[in-house]
1. For every helix of n ≥ 4 consecutive DSSP H residues, a contribution of -39,500 (n - 2.57) applies; sum these over the chain, divide by its total residues, and give [θ] at 222 nm rounded to the nearest 500 deg cm²/dmol.
2. For the pair Asp130/Arg106, report the inter-label distance in nm, with labels modelled 7 Å from Cα in the Cβ direction.
3. Taking a ≥ b ≥ c as the square roots of the eigenvalues of the Cα gyration tensor of the stretch 1-81, is the shape rounded (a/c under 1.5), prolate (a/b larger than b/c) or oblate?
4. If amide hydrogens are placed 1.01 Å from N in the peptide plane, which non-local residues have theirs closer than 5 Å to the one on Val104?
5. Which order do Arg103, Arg17 take by accessible area at a 1.4 Å probe, largest first?
6. Which order do Val35, Val131 take by accessible area at a 1.4 Å probe, largest first?
7. Measuring from a point 7 Å past the Cα of Glu89 along Cα-to-C-beta, which residues in the stretch 10-53 have an amide N at less than 13 Å?
8. Against the 2.2 N^0.38 Å scaling, with N counting residues, where does the chain land? I'd like the Cα-based Rg ratio to two decimal places.
Amino acid sequence: MQIDFNLASGPPGIPMRLLQDAGAMDLPIVGGNSVPFPESVASTITLRIWWPGYLQYSRRMTMRKASSLLMRSELAVAVSEVYKDFIEEAREDPKNLGQSKWRVGRGHITVNDLILLRMFKVSQGSWQADVQLETD
């Protein structure tokens, strides 16, 4: 299963810098108000991040609100928050030096440099996001 993230116009993906903004829920995300998961999805999933030169990172994400599953726009914001947490934690951990091209943290790659393209299921309850570096 794959979930794509796109704005109504422009290139594929959603810049994570926009998802970090207070107005992220108002972005014109294709299918933003739709629920991208079947009703049978677990109430939590694990998002895994494999970043060159860093230890595997995983974070549990809640997929359900009080009365329904997360909408695509809410999921995009939640994924960007996990990437923000990963970058903040990785730059503080001396075991994570990263390859110089892929180093994260101040002066290197931040969540604002990433574009969220899609999310895909890698195993039962385990998902991975496909991101790319934003180039100006």
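The values are calculated or read from the model by the stated rules, or taken from the named source; none is laboratory data. Bear in mind the structure is a predicted one, so any value in this text is a computation, not a measurement. Counting neighbours? That spans all protein chains shown, and the Cβs are built from the backbone with ideal geometry, glycine included. For the accessible areas, the whole protein counts, side chains as well, though only heavy atoms, and no ligand, DNA or RNA atoms are used. Shrake-Rupley method; radii C 1.70, N 1.55, O 1.52, S 1.80 Å.
1. Numbers: 2 runs with 25 residues, N = 136.
So the calculated ellipticity at 222 nm is -6000 deg cm²/dmol.
2. It is 3.5 nm.
3. Values: a/c = 1.70, a/b = 1.07, b/c = 1.60.
Verdict is oblate for the stretch 1-81.
4. Amide H neighbours of Val104: Ile109.
5. Working: Arg103 80, Arg17 105 Å².
Correct descending sequence by accessible area is Arg17, Arg103.
6. On the way: Val35 70, Val131 35 Å².
Order by accessible area, largest first: Val35, Val131.
7. Within reach of a label on Glu89, which here means backbone N under 13 Å from a point 7 Å along Cα→Cβ, the stretch 10-53 contributes 46-51.
8. Working: Rg = 14.8 Å, N = 136, 2.2 N^0.38 = 14.2 Å.
Against the compact-globule rule of thumb, the ratio is 1.04.
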